[in-house]
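Worksheet for the structure shown next.
The values are calculated or read from the model by the stated rules, or taken from the named source; none is laboratory data. Please read all numbers here as calculations on a predicted model, not as lab measurements. With ideal geometry, Cβ positions are generated from the backbone for all residues, glycine too; neighbour counts draw on all protein chains shown. Each accessible area value is taken on the protein alone, full model and side chains, heavy atoms only, with ligands, DNA and RNA left out. Shrake-Rupley method; radii C 1.70, N 1.55, O 1.52, S 1.80 Å.
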Amino acid sequence: MLRFVLRKMLHKKWLMAALLIGNILLIAIAAGSPMYTDAALQRMLTDTMTDYVVQNGRYPTTAYLLSTLNPNAKAGSAALNAFWEEDALAARLPKQLGLKSRWLVRNLFLTDATIRPEETRSNFRSKALRLGFLSGLEEHAQILSGRLYQEREDGVIEVLASQKALIGMNLMLGETYTVDKLTRPDGTPLRIQVVGIFDAADSGDHYWYKSPSAYGDQLLMSEQAFTSLTGDLSGLPSKVMGLWFVIMDYEGISIDRVPELYEASLALQAQHKQVNGISYSDYFADILEAYMKAETKITVTLRILQVPIYALLVAFIFMVAGQILSMEQSEISVIKSRGAGKHQILSIYLLQSLLVAAASLIVGLPLAALICQVLGSANAFLEFVSRRALSVRYTGTVMLYALGAAFLSICAMVLPALRYARLTIVAQKQKKRKSNAPWFQRFFVDILLLAVSLYALYSFNAQKADLARRVLEGQGLDPLLFLASPLFTV
């Protein structure tokens, strides 16, 4: 049977070529639909994140954790355990969210500490300040005056101050101060010395989630010095606060993971609301929520715009298949008169359609990726720009759409054969004497489509001002409006 079908296809090679082209285009456009939608949405998400960095000067995929520990917290208490759990959560958060970590900035400090210079100054007024550390400061800070802090054997802890802190708290570079109410682990008074003034080494460094001027009430020591001073934070006379800035790479977010990340953010926020003294916030939850709303509108609009193309291609395939069958009805009648059954005739055309669909799949899938790349570089009709290429993927959805289009084309090629499979030589001659009008004319489908199209045109003209306002406000349009022009074409 295969040899017979191949000979029959070669005998009508031009019609079969037209049928093959129609199938290739149908499968390419069907497979390219989810491929282009995913690639366009991925570009939109990445560009939204990039624009956020430019406009706000910080990464959108930044999580902010805060924990407060009251004075004289007992070792092993629930409050102390909750504090250190935030520290552990900040360290594992990127892995938990499935994102690449760029920086983890830890800022732990004692609040309401008061200092007095060892050498009395008449113009000095004691002010409450924060005494702590900022992880990674050594690699990202520029020392404007003085030097970086170092470990000392005389018990004095060296600290850095921002320009705002130096001026606002009336400090002097190189001056030594005694901290009230705080002592070293051995019970001796806590003494600190300002040895350097720092600023950001690079103004575009996203490590500086908070600018150096935001540390205008803090004196920063090394993390090692802070740990040796405070131990596990239990029993301290001052309140302890911890800030963790978890900065992650937004380019690792694929559109498939958007709902998952959004739900994870909501779960973290809800979890922190149940415990006193801790809080969690991020910036990507709002961005992802806005993306999911826009995704629905864009996807629906693109699908509706493609419906007329599918309809026209299926109609073309149906028409060409019908033309082939019309030319072969005499052969079908002869085959039936020689004892062939209806199922045998249908199996011939089913095999033919399977061969055409298989060839169309082989060519259509790479063509789908090419179409997406061309559309991605187009700025307008026949206007191409040097825009970065869309990142297209062969996903399960793409293959499902391609197989669905292949099945639809097989149906369009086989269904006309059902009518011809029942024909005998006598029935064929009787049919030639009849001239029936097409079904869409008999049931006035063309009149109905024309009426719907005219109503859509009237509705569009009546709402043009309102539609223009909605577009300027960024609101979505009724997708049914896009069907007006295709209905006129049909």
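Tabulated results
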read-out: Qualifying residue in the range 25-32 (condition: open to solvent by 30 Å² or more (accessible area, probe 1.4 Å), in a helix (DSSP H, G or I) and touching a Cys at 6+ places or on another chain (Cβ under 8 Å)); value: no
read-out: Pick from the range 135-170, criterion open to solvent by less than 50 Å² (accessible area, probe 1.4 Å) and free of Cβ contacts under 8 Å to residues at least 40 places away in the same chain, ranking: nearest to the chain's Cα centre (by Cα); value: LEU166
read-out: Residue list for the range 47-74, filter: touching a Ser or Thr at 6+ places or on another chain (Cβ under 9 Å), closer than 19 Å to VAL275 by Cβ and open to solvent by 70 Å² or more (accessible area, probe 1.4 Å); value: LYS74
read-out: Qualifying residue in the range 40-60 (condition: over 37 Å from the mean Cα position of the chain (by Cα), in contact (Cβ under 8 Å) with a residue 24 or more places away in the chain and more than 25 Å from MET221 (Cα to Cα)); value: no
read-out: Flag if ASP232 is under 23 Å from ILE143 (Cβ atoms) and more than 25 Å from the chain's Cα centre (by Cα); value: no
read-out: Scan of the range 308-318 for residues that are surrounded by 15 or more Cβ atoms within 10 Å (Cβ to Cβ) and at pLDDT 80 or above, ordered by number; value: ILE309, TYR310, LEU312, LEU313, VAL314, PHE316, ILE317, PHE318
read-out: The range 185-229: number of residues that are in a loop (DSSP other than H, G, I, E, B), over 38 Å from the mean Cα position of the chain (by Cα) and surrounded by 14 or more Cβ atoms within 10 Å (Cβ to Cβ); value: 2
read-out: Hits in the range 119-164 (condition: among the β-branched types (Val, Ile, Thr) and within 19 Å of SER211 (Cα to Cα)); value: ILE143, VAL159
read-out: Cβ pairs under 6 Å, 6+ apart, first in the range 189-212 and more than 18 Å from GLU151 (Cβ to Cβ) and β-branched (Val, Ile, Thr), second open to solvent by 30 Å² or more (accessible area, probe 1.4 Å) and assigned to a loop (DSSP other than H, G, I, E, B); value: none
read-out: Among the residues listed as GLN329, GLN352, the single one being of a type in the set (S, T, N, Q), modelled with pLDDT of 85 or more and closer than 18 Å to MET413 by Cβ; value: GLN352
read-out: Qualifying positions in the range 269-288 - under 19 Å from MET44 (Cβ atoms) and loosely packed, with under 14 Cβ neighbours inside 10 Å; value: ASP286
read-out: Single unsatisfied condition, SER234 versus (1) among the hydroxyl-bearing types (Ser, Thr, Tyr); (2) more than 21 Å from VAL105 (Cα to Cα); (3) open to solvent by 40 Å² or more (accessible area, probe 1.4 Å); value: (3)
read-out: Filter pass, TYR283 being touching a strand residue (DSSP E or B) at 6+ places or on another chain (Cβ under 8 Å) and within 30 Å of ASP249 (Cα to Cα); value: yes
read-out: Of all residues in the range 108-134 being in a strand (DSSP E or B) and among the polar types (S, T, N, Q), the one that is nearest to the chain's Cα centre (by Cα); value: THR111
read-out: One residue from LEU305, LEU261, LEU266 being of a type outside the set (D, E, K, R), outside any strand (DSSP E or B), open to solvent by 40 Å² or more (accessible area, probe 1.4 Å) and under 16 Å from GLN96 (Cβ atoms); value: LEU266
read-out: In the range 246-258, residue most open to solvent (accessible area, probe 1.4 Å) [restricted to those that are in a helix (DSSP H, G or I) and acidic (Asp, Glu)]; value: GLU251
